[in-house]
Amino acid sequence: MKILVQKFGGTSLSTAEARAHVIEHIQDALNQDYKPVVVVSAMGRKGEPYATDTLLEWAASNGNALPPRERDMLLVCGELISAATLCSLLNGHGIPATVLTGAQAGIRTNADFGNAQIHSIDPVRIIEGIEEGKVVIVAGFQGQTEEGDFTTLGRGGSDTSATALGAALHAEMVDIFTDVSGILTADPRIVADAKPLPIVSYVEICNMAHLGAKVIHPRAVEVAMHAGIPVRVRSTFSKDPGTLVTHPSVLKSGPGAVHDRFVTGIAHVAGVSQIRVTPQEGSFDLQLSVFKAMAQERISVDFINVNPSGVVYTVFDHEADRAAKKLEELGLSPQITPNCAKVSVIGGGMNGVPGIMAHIVEALTKEDISILQSADSNTTIWVLVEEHDMAKAVRALHKQFELHR
Ligand code: ADP
Ligand code: ASP
Ligand code: MG
């Protein structure tokens, strides 16, 4: 069976015009003899009637006290409404279609409500639907525990539903349809001349996604990489092929082959606080006690620098107060710098290439942007800047590495 998983994001389903494009893409797949399995997100973005953010605001304005399990019950409704809407439209167009919830599609997860992990998929009902000649629409972002409770997979989780179903169904390809023309060298909302990348490796895009490029969820890429299923990230609003995400071997020989790319793209994450802790007189094991305390509080830390004069790291702004309180309880005096942003230069080919950091410093200095902290790995250099400098920094680095060419 030639299965194609087609995932449509929130903005791809939010207007009648967008939904007409969605139907066209499904029809195209049928014309190419694919059996399409369609995964949908909740329609629209913040403020629109059934969007996930709107449902969250609804809960907040009605007591703001939903326990995680019941919060997931509310959130799954967004994707169900979206799936039923598309089902109605497809049937109205003479394309037989049926809807399955995540649970009915056989997606079993752990009970980590709000951020559940898929542990198995039994897609028997999807196969039955296909054998009945129907387009099977699966509500994304959701699964079910062994006990039968609804779960959600974390924000942006419909991408993971799509690649996980692709793996379980041995699909030929997973298409992630969205509101941009593919994976670009930077977020087009910040860099107007960001360029679409025709082909990237799983690892490159996984890095970019982890570092803030929210065009695809990093877990979705990991699942696809593990299963060896190619993914295309493409626009709902055109027929362009978008970006192919695949193994480096294909990347080096396939169409649009890329060889000497030092830098692939620039990513950014806002809403970060820097925490600096210096050792008090007579204090021992500063690093150990700081990170143990953060682990106990379940605060995720990033950008960690440990040196003889103390410890510097970052947390998300919304966790900074809790982190500071915990450190003060230990008798420490943390210095907090809120409203920072992490800007990352990513490239599988930068390993061992001299001068990349010099380029970064040059680009940021020219724009009078101070670097609060920096770190690097084989494939990434990060800098921490103040949030009001973030967009300027992304644009300056994009230009410095001539990514618009
Ligand atoms: P969907 O609702 O389709 O899942 P998302 O909002 O999750 O869409 O992701 C698409 C958005 O990701 C784009 O509108 C774009 O602003 C943003 N984005 C961030 N970084 C990148 C990048 N490097 N390439 C493309 N889009 C990016
Ligand atoms: N609707 C969910 C969210 O907004 C899942 C998704 O869009 O992938 O996070
Ligand atoms: Mg998304």
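The values are calculated or read from the model by the stated rules, or taken from the named source; none is laboratory data. Fair warning: this is a prediction, and the values are worked out from it, not measured in the lab. In this analysis, Cβ positions are derived from the backbone assuming ideal geometry, glycine residues included, and neighbour counts consider all displayed protein chains.
Could you list all residues from the range 205-222 that are touching a strand residue (DSSP E or B) at 6+ places or on another chain (Cβ under 8 Å) and either more than 14 Å from ligand 2 (Cβ to nearest atom) or part of a loop (DSSP other than H, G, I, E, B) (or both)? Scanning the range 205-222 gives 205, 207, 208, 211, 212, 213, 215, 216.
Is the range 299-318 home to any residue that is more than 16 Å from ligand 2 (Cβ to nearest atom), closer than 30 Å to residue 192 by Cα, in contact with a helix residue (DSSP H, G or I) (Cβ under 7 Å, 6 or more places away or on another chain) and assigned to a strand (DSSP E or B)? Taking every residue of the range 299-318 in turn, at least one turns out to be more than 16 Å from ligand 2 (Cβ to nearest atom), closer than 30 Å to residue 192 by Cα, in contact with a helix residue (DSSP H, G or I) (Cβ under 7 Å, 6 or more places away or on another chain) and assigned to a strand (DSSP E or B). For the range 327-346, which positions are within 27 Å of the chain's Cα centre (by Cα) and surrounded by fewer than 21 Cβ atoms within 10 Å (Cβ to Cβ)? Of everything in the range 327-346, those that are within 27 Å of the chain's Cα centre (by Cα) and surrounded by fewer than 21 Cβ atoms within 10 Å (Cβ to Cβ) turn out to be 337, 338, 339.
What do you reckon, is residue 306 more than 16 Å from ligand 1 (Cβ to nearest atom) and surrounded by 15 or more Cβ atoms within 10 Å (Cβ to Cβ)?
Values: more than 16 Å from ligand 1 (Cβ to nearest atom): yes; surrounded by 15 or more Cβ atoms within 10 Å (Cβ to Cβ): no.
No: the conditions fail for residue 306.
Evaluated against (1) in contact (Cβ under 8 Å) with a residue 60 or more places away in the chain; (2) over 28 Å from residue 243 (Cα atoms); (3) out of contact with any helix residue (DSSP H, G or I) (no Cβ under 6 Å at 6 or more places or on another chain); (4) crowded, with 16+ Cβ neighbours inside 10 Å, residue 175 falls short on exactly one condition, (2). I'm checking my understanding of the structure. Among residues of the range 49-75 that are under 21 Å from the mean Cα position of the chain (by Cα) and assigned to a loop (DSSP other than H, G, I, E, B), which one is nearest to ligand 3 (Cβ to nearest atom)? Checking each candidate, the answer is 51.
Each row is one residue, and each column tells you yes or no for (1) buried (at least 20 other Cβ atoms within 10 Å of the Cβ); (2) modelled with pLDDT under 90; (3) within 16 Å of ligand 1 (Cβ to nearest atom).
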{"position": "207", "(1), (2), (3)": "yes, no, yes"}
{"position": "211", "(1), (2), (3)": "yes, no, yes"}
{"position": "229", "(1), (2), (3)": "yes, no, no"}
{"position": "241", "(1), (2), (3)": "no, no, yes"}
{"position": "253", "(1), (2), (3)": "no, yes, no"}
{"position": "256", "(1), (2), (3)": "no, yes, no"}
{"position": "266", "(1), (2), (3)": "yes, no, yes"}
{"position": "272", "(1), (2), (3)": "yes, no, no"}
{"position": "275", "(1), (2), (3)": "yes, no, no"}
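For the range 1-17, the criterion of being assigned to a loop (DSSP other than H, G, I, E, B), more than 24 Å from residue 153 (Cβ to Cβ), in contact (Cβ under 8 Å) with a residue 40 or more places away in the chain and aliphatic (A, V, I, L, M) is met by at least one residue.
Table: residues versus (1) closer than 23 Å to residue 198 by Cα; (2) crowded, with 17+ Cβ neighbours inside 10 Å; (3) hydrophobic (A, V, I, L, M, F, W, C).
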position: 357; (1), (2), (3): no, no, yes
position: 369; (1), (2), (3): no, yes, yes
position: 372; (1), (2), (3): no, yes, yes
position: 402; (1), (2), (3): yes, no, no
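Residue-wise test of (1) among the small types (Gly, Ala, Ser); (2) under 20 Å from residue 129 (Cβ atoms); (3) crowded, with 21+ Cβ neighbours inside 10 Å.
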residue: 1; (1), (2), (3): no, yes, no
residue: 15; (1), (2), (3): no, no, no
residue: 26; (1), (2), (3): no, yes, yes
residue: 40; (1), (2), (3): no, yes, yes
residue: 45; (1), (2), (3): no, no, no
residue: 49; (1), (2), (3): no, no, no
residue: 64; (1), (2), (3): no, no, no
residue: 96; (1), (2), (3): no, yes, no
residue: 107; (1), (2), (3): no, yes, yes
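Results for (1) within 16 Å of ligand 3 (Cβ to nearest atom); (2) in a loop (DSSP other than H, G, I, E, B); (3) in contact with a strand residue (DSSP E or B) (Cβ under 6 Å, 6 or more places away or on another chain); (4) under 27 Å from residue 115 (Cβ atoms), shown as yes or no for each residue.
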position	(1), (2), (3), (4)
156	yes, yes, no, yes
161	yes, no, yes, yes
167	no, no, no, yes
171	no, yes, yes, yes
176	yes, no, yes, yes
180	yes, yes, no, yes
187	yes, yes, no, yes
203	no, no, no, yes
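Within the range 136-162, the residues that satisfy the criterion of being under 21 Å from the mean Cα position of the chain (by Cα) and either closer than 17 Å to residue 1 by Cα or surrounded by fewer than 24 Cβ atoms within 10 Å (Cβ to Cβ) (or both) are 154, 155, 156. Considering the range 3-13, and only residues there that are within 10 Å of ligand 1 (Cβ to nearest atom) and of a type in the set (A, V, I, L, M, F, W, C), the residue that is surrounded by the fewest Cβ atoms within 10 Å (Cβ to Cβ) turns out to be 13.
So, of the residues in the range 139-154 that are within 16 Å of ligand 3 (Cβ to nearest atom) and either among the aromatic types (Phe, Trp, Tyr) or not in a loop (DSSP other than H, G, I, E, B) (or both), which turns out to be nearest to residue 91 (Cα to Cα)? Among them, the one singled out is 139.
Conditions tested, residue by residue: (1) more than 13 Å from ligand 2 (Cβ to nearest atom); (2) touching a Phe, Trp or Tyr at 6+ places or on another chain (Cβ under 7 Å); (3) more than 21 Å from residue 154 (Cα to Cα).
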{"position": "48", "(1), (2), (3)": "no, no, no"}
{"position": "54", "(1), (2), (3)": "no, no, no"}
{"position": "99", "(1), (2), (3)": "yes, no, yes"}
{"position": "105", "(1), (2), (3)": "yes, no, no"}
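Residues that are in contact with a Pro (Cβ under 6 Å, 6 or more places away or on another chain) number at least 1 in none of the strands (runs of 3 or more DSSP E) confined to the range 335-390. Within the range 180-201, residues that are more than 11 Å from residue 265 (Cβ to Cβ) and within 16 Å of ligand 2 (Cβ to nearest atom) sit with their Cβ atoms under 7 Å from residues that are outside any strand (DSSP E or B) and not basic (Lys, Arg), at 6+ positions apart or across chains, in these pairs: 180/188; 180/215.
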